[in-house]
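The values are calculated or read from the model by the stated rules, or taken from the named source; none is laboratory data. From a predicted model like this one, the values you see are computed outputs, not experimental measurements. Cβ sites come from the backbone with ideal geometry, for glycine too, and all protein chains shown count toward neighbours. We work out accessible area using only protein heavy atoms, side chains counted, and drop any ligands, DNA or RNA first. Shrake-Rupley method; radii C 1.70, N 1.55, O 1.52, S 1.80 Å.
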Amino acid sequence: MTLNEIETQFTELTTSDQFHRFEVVIESHQRAHCEVYSRYGRKYLPIAAFKHADVTTFPISEAEDIFMSSSTGGNERSRHFIRKMSIYQDAVCAGFESVFGPGPFTIWAFLPGYIPNSSLVRMLKILIERYGHDNSQFFLSDHLPQIESHDPPLIFFGAAFGLLDLVESNIYRLPGDARIVETGGMKTHRREMTRAELHAQLARGFGLQENRIWSEYGMCELLSQAYAKGGGVYYPPPWMRVIIVDPLNPEQILPEGEAGLLAITDLANIHTVSSILTEDLGVKRGHGFEVLGRFPGSALRGCNFLLDSG
Amino acid sequence: MKSLIIGLSDVAQLWSTLDTYPLRDDAVRSTLSAPNHFTSEAIMYAIDQQMNAINEATIIHWLNDRVPNCKHQVGVINAGNIPLVGLQDLLAVILCGHAYIGVLSKKSPYLIPAFCETINQQGFDLDVRFVEMDEIWKQAESLIATGSDASIAQIQGIAKSHGILREKSLFRSNRFGIAILDGDESEDEWSDLALDILLHEGMGCRNVALIFAPTDLEPDRCLHHLAQTRAVFPAHPTTSGRLAIQQAYLDATNQPHAYGEGLEFLLSKGAAEPQSPGHVRWVEYQSLDEVIAIINGLINQIQCILASPTATRTLPKDWNVEPLGSTQTPELSWKPDGKDTIDFLCNL
C-alpha cells in the first residue's frame, strides 16, 4: 500500500482492518518526515502543535493552501498546511454525502466573523459548489435568503453563536424538511449554555422540530468532519477514529461513558499528522461520541465534578 | 450558635496534627488509597493549615453577625483536587443553620465525613447528609458547585431542570493563581513561591500557574527552590509520567523549558497560557502595563494574585493581591471566585 493509493482510496475503506493497515503506513510516513511528530515520539500529538510548529511532512512552500483557526483572546492561530486540496475535497464530500445523500440541496452558510481561509469557509465553498442548488449562498445579514417551494431541501450551516444571534432578534419559519447544521463555536460567546438548550432555542427560532437541528464537528487541524443527526451524538466517517483518553494521562484510554479528552485519528491528514489530542472534553457513546465542551490542560486545575464523578 | 462555634474550634484543635487522633488518622490512611494525587505530606499540610484557620475569633469574624432568614436544604457537590477542599462550604452551611446535603468527592471521600463525626462526638447533632449525585436533585433547594466552563454549563442545565433557580445556585469556575515578580524577591519569598506552585501537584484552584517576571530575570532561583521544596514535599508517583508527556511536547516544538530531576516539576517560558497542573509557565514582561492587560483578559479564570509587598505597591490598588506563600493558607473568610459564601447562604 503506497501513500498515493491511500490518497485515492481512504474514503472507501469500510473495515477496522483496512483502517489499521492505512494507519500504519500513514503513521510511519509521518514519523519519518514530520520533524515535530518524530521528536514528540508518542501517538497523539497535542493540537496546540499546529500553533507552535510547522506540522508537515513536506516543505511548506509546496502547500496548496493553508487553513487558519479562529483566534481567541489574542492567542496565536493554528496553521494547517494543505499538501493537496483534492484530499480535503474528497474527505469533505464523502463525509457529507454519506450523511445527507447526493443532493442537490439548497445550502446556506452563515459564518459571521470567520476569516476566508478558515477550514469551515473552505468546506462550505466546496459543498455549495458540489451539492448546492442555484439558491445556495453565504450570507451575513439577519435577513435570510428567500426559499421557493420548488427549491431542493435546505441545509443551513451556521456557527452556533451566529445562529443564536439570528433567532434572538427574529423568529423565522423555515420549511419543515429544512435542516440546521450548527458547527460549534460556543467557546467564547455563550459559556453557560448546553448543546441541548442551544438546539431547543434554534428549533423554536427557526420553527423546526428539534430533530431537524443537526451538528457538525470539525476543526482547522482535521480534514474530516463528524456529524450528529439531531441530538448530541456525533458519528465520524469510517476513516476517522475517536477515542476518549484521561486528560491527566492521555496514554490511558477511558471506557464508554467516562468523560475525557477526544483523541482523534483522521486518515485524511495524510501529509501532516493524523493522530491528534484535542482540547475538547467528550464521552464515547457506542460508535459515536458526545462533545461536552472545551477543556484545555489548565482546566485540570481546580475542582471539577465532571471529572471527579468518573 | 455560640456553642457550635466553640465546638468547631475544639474539633479543629483535635484535628491539628501535633498529636495523633484516631478518626483523623484513619481518614488520612483511607484517603491515601483513594484515586487521587495526594501525598501523605500534602494531606498533613492541608489538614494543619485548615485547622489553624478555624478558631472562635476567625469564625466570628467570618460570620460578622450575618444570619439567614430561614433554613434551606443546601446541596454541595464536592470535587476535590486538594484534601479537605469542601471544608469551608461545610462550615458555612452548618454555621448558617442550613441542612447540608453533600456529594463527596471520589478523590477525597473520607476526611469530611470523619470531621463531621468528630463534631458529633462532641455532643452535636449536625444536619448533614452525604448522598449520591442523583439524590441531590431530589433533596436540595439550592446548590454550591465548582467546575470547568464546560461542566458548569452541564450542571446548570440539570439544576434548572430540577427547579433549582439560578439565584439559589453558587457556581465557581476560577482555576488558578498567578504570581507577579519584580526581581527583588528574598530567598524566603522564592521558597514560598515554590510551595505555591508545587503543593498538591499544582492541582488546586489557587496554585500558581503563571509567573510574570521582568525580562532581565532568569528563572534560575525559582528552579533552585522548586528542587529544594521537592525534598520536603515529594512528588506523587504519577507526576513524572504526566509531566513527561508535556516535556516531550515542549521539546518537540522547541519551546524553552527546564525540569527537575526525575521530572518532579516542569517550567516553560512562553505566552501567558496556563498549562496542566505541575507545569508552570514563566512569562516575561517589559512593563507592568502588559501584565495588567493580560490579567484583565484572564480575570474570570484567576483565583488569586500573589506578589511580594514591594511588588504589590506597584500593582493596581483595586486588586486583592496576597503575599507569596499564601495559596494554600487562605483565611477562613476567603471568597472563592470573589463570591462570599456566607452572603450567598444568608440570602437564599
Of the residues B:Thr253, B:Thr327, B:Thr312, only one is within 12 Å of chain A (Cβ to nearest Cβ) and closer than 19 Å to B:Asp196 by Cα; which? B:Thr327
Spot the failing condition for B:Thr238; the list is (1) at pLDDT 95 or above; (2) over 26 Å from B:Ile144 (Cα atoms); (3) not charged (D, E, K, R), and only one is missed. (1)
Any residue that is hydrophobic (A, V, I, L, M, F, W, C) and under 23 Å from B:Phe130 (Cβ atoms) - is there at least one of those in the range B:104-111? yes
Quick check on the range A:49-63. Is at least one of its residues at the interface with chain B (Cβ under 9 Å from one of its Cβ atoms), surrounded by 12 or more Cβ atoms within 10 Å (Cβ to Cβ) and in contact with a Gly (Cβ under 9 Å, 6 or more places away or on another chain)? yes
Can you tell me which residue is most open to solvent (accessible area, probe 1.4 Å) among those in the range A:246-260 that are away from chain B (no Cβ under 11 Å) and either in contact with a helix residue (DSSP H, G or I) (Cβ under 8 Å, 6 or more places away or on another chain) or in contact (Cβ under 8 Å) with a residue 12 or more places away in the chain (or both)? A:Glu256
Failed condition for A:Gln201, given (1) in contact with a strand residue (DSSP E or B) (Cβ under 9 Å, 6 or more places away or on another chain); (2) surrounded by 16 or more Cβ atoms within 10 Å (Cβ to Cβ), with all others met? (1)
For the list (1) buried (at least 22 other Cβ atoms within 10 Å of the Cβ); (2) more than 11 Å from every other protein chain (Cβ to nearest Cβ), I need the number of the one condition that B:Pro274 fails. (2)
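Given A:Ser136, A:Ser149, which one is more than 23 Å from the chain's Cα centre (by Cα) and free of Cβ contacts under 8 Å to residues at least 40 places away in the same chain? Spell out the reasoning first.
Values: A:Ser136 fails: more than 23 Å from the chain's Cα centre (by Cα).
None of the others qualify; the one that does is A:Ser149.
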Starting from the range B:224-240, keep only residues that are within 14 Å of chain A (Cβ to nearest Cβ), then list their pairs with residues that are part of a loop (DSSP other than H, G, I, E, B) and of a type in the set (A, V, I, L, M) whose Cβ atoms are within a distance under 9 Å, requiring at least 6 positions of separation or different chains. B:Thr238/A:Leu248
Please specify each residue of the range B:256-267 satisfying the condition of being within 14 Å of chain A (Cβ to nearest Cβ) and either of a type in the set (Phe, Trp, Tyr) or touching a strand residue (DSSP E or B) at 6+ places or on another chain (Cβ under 7 Å) (or both). B:Pro256, B:His257, B:Leu266
Checking A:Val233, A:Val242 in turn, the sole residue that is farther than 18 Å from B:Gly278 by Cβ, more than 14 Å from chain B (Cβ to nearest Cβ) and touching a Pro at 6+ places or on another chain (Cβ under 6 Å) turns out to be A:Val242
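Out of A:Ala109, A:Ala53, I need the residue that is in contact (Cβ under 8 Å) with a residue 12 or more places away in the chain, farther than 19 Å from A:Gly218 by Cβ and among the small types (Gly, Ala, Ser). Which one? Quick ask: steps written out before the conclusion?
Working: A:Ala109 fails: farther than 19 Å from A:Gly218 by Cβ.
Testing whether each residue is in contact (Cβ under 8 Å) with a residue 12 or more places away in the chain, farther than 19 Å from A:Gly218 by Cβ and among the small types (Gly, Ala, Ser) leaves just A:Ala53.
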Before we move on, is B:Ala227 modelled with pLDDT of 95 or more and touching a strand residue (DSSP E or B) at 6+ places or on another chain (Cβ under 6 Å)? no
With the structure loaded, tell me whether B:Ala244 is within 25 Å of A:Ala48 (Cβ to Cβ) and outside any loop (DSSP other than H, G, I, E, B) or whether it fails that test. yes
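Can you tell me which residues in the range A:25-46 are in a loop (DSSP other than H, G, I, E, B) and either open to solvent by 40 Å² or more (accessible area, probe 1.4 Å) or small (Gly, Ala, Ser) (or both)?
Step one: filter the range A:25-46 for residues in a loop (DSSP other than H, G, I, E, B), giving A:34, A:41-44.
A:Gly41, A:Arg42, A:Lys43 - these are the residues of the range A:25-46 that are in a loop (DSSP other than H, G, I, E, B) and either open to solvent by 40 Å² or more (accessible area, probe 1.4 Å) or small (Gly, Ala, Ser) (or both).
Being among the hydrophobic types (A, V, I, L, M, F, W, C) and surrounded by 18 or more Cβ atoms within 10 Å (Cβ to Cβ) is the filter; apply it to the range B:231-257 and report the residue that is farthest from B:Glu41 (Cα to Cα). I'd like the intermediate steps shown before the answer.
Of all residues in the range B:231-257, those among the hydrophobic types (A, V, I, L, M, F, W, C) come to B:231-233, B:235, B:243-245, B:248, B:250, B:252.
If we keep only those that are surrounded by 18 or more Cβ atoms within 10 Å (Cβ to Cβ) as well, we get B:233, B:235, B:243, B:245, B:250, B:252.
Values: B:Phe233: 6, B:Ala235: 10, B:Leu243: 20, B:Ile245: 25, B:Leu250: 30, B:Ala252: 34 Å.
Within the range B:231-257, the match that is farthest from B:Glu41 (Cα to Cα) is B:Ala252.
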Looking at A:Arg294, A:Arg301, A:Arg285 in this structure, which one is surrounded by fewer than 22 Cβ atoms within 10 Å (Cβ to Cβ) and facing chain B (nearest Cβ under 10 Å)? A:Arg294
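Take the residues in the range A:71-85 that are open to solvent by less than 70 Å² (accessible area, probe 1.4 Å) and out of contact with any Asp or Glu (no Cβ under 8 Å at 6 or more places or on another chain), then tell me which one is farthest from B:Glu273 (Cα to Cα).
Taking the range A:71-85 first, the residues open to solvent by less than 70 Å² (accessible area, probe 1.4 Å) are A:71-72, A:75, A:78, A:80-85.
Right, trim to out of contact with any Asp or Glu (no Cβ under 8 Å at 6 or more places or on another chain) and you get A:71-72.
Values: A:Ser71: 14, A:Thr72: 12 Å.
In this case the residue turns out to be A:Ser71.
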Restricting the search to the range A:146-176, which residues are in a loop (DSSP other than H, G, I, E, B), out of contact with any Pro (no Cβ under 9 Å at 6 or more places or on another chain) and open to solvent by 20 Å² or more (accessible area, probe 1.4 Å)? A:Gln146, A:Glu148, A:His150, A:Asn170, A:Ile171, A:Tyr172, A:Arg173, A:Gly176
Among the residues of the range B:47-84, the number that are at pLDDT 95 or above and within 14 Å of chain A (Cβ to nearest Cβ) is 2
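Can you pull out the strands (runs of 3 or more DSSP E) entirely within the range B:56-154 that have at least 1 residues that are under 19 Å from B:Ile164 (Cα atoms) and either without any contact (Cβ under 8 Å) to a residue 12 or more places away in the chain or under 17 Å from the mean Cα position of the chain (by Cα) (or both)? I'd like the intermediate steps shown before the answer.
Values: elements: B:73-77, B:99-103, B:128-131, B:142-146.
Those strands (runs of 3 or more DSSP E) span B:73-77, B:142-146.
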Whichever residue in the range B:158-203 is hydroxyl-bearing (Ser, Thr, Tyr) and within 14 Å of chain A (Cβ to nearest Cβ) and, among such residues, is nearest to B:Pro274 (Cα to Cα): B:Ser173
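Out of all the residues in the range A:94-102, is one or more at pLDDT below 95 and over 27 Å from A:Ile243 (Cβ atoms)? Before you say what the answer is, go through the steps one by one.
Step one: of the range A:94-102, the residues at pLDDT below 95 are none.
The answer is no, given that none of the residues of the range A:94-102 is at pLDDT below 95 and over 27 Å from A:Ile243 (Cβ atoms).
Can you tell me which residue within the range A:243-300, out of those that are among the hydroxyl-bearing types (Ser, Thr, Tyr) and at pLDDT 95 or above, is farthest from A:Asp90 (Cα to Cα)?
Pass one, the range A:243-300, residues among the hydroxyl-bearing types (Ser, Thr, Tyr): A:265, A:272, A:274-275, A:278, A:298.
Cutting the leftovers down to at pLDDT 95 or above gives us A:265, A:272, A:274-275, A:278.
Numbers: A:Thr265: 17, A:Thr272: 16, A:Ser274: 16, A:Ser275: 19, A:Thr278: 23 Å.
The qualifying residue farthest from A:Asp90 (Cα to Cα) is A:Thr278.
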Taking A:Val233, is it under 26 Å from B:Pro35 (Cβ atoms) and either buried (at least 23 other Cβ atoms within 10 Å of the Cβ) or free of Cβ contacts under 8 Å to residues at least 60 places away in the same chain (or both)? no
Quick check: is even one residue across the range B:198-212 over 21 Å from B:Val321 (Cα atoms) and touching a residue at least 24 places away in the same chain (Cβ under 8 Å)? yes
Could you look through the range B:241-250, keep only residues that are of a type outside the set (A, V, I, L, M) and within 26 Å of the chain's Cα centre (by Cα), and pick out the one that is farthest from the other protein chains (Cβ to nearest Cβ)? B:Gln247
For residues that are within 21 Å of the chain's Cα centre (by Cα) and either more than 9 Å from chain A (Cβ to nearest Cβ) or surrounded by fewer than 19 Cβ atoms within 10 Å (Cβ to Cβ) (or both), tally how many sit in the range B:283-309. 9
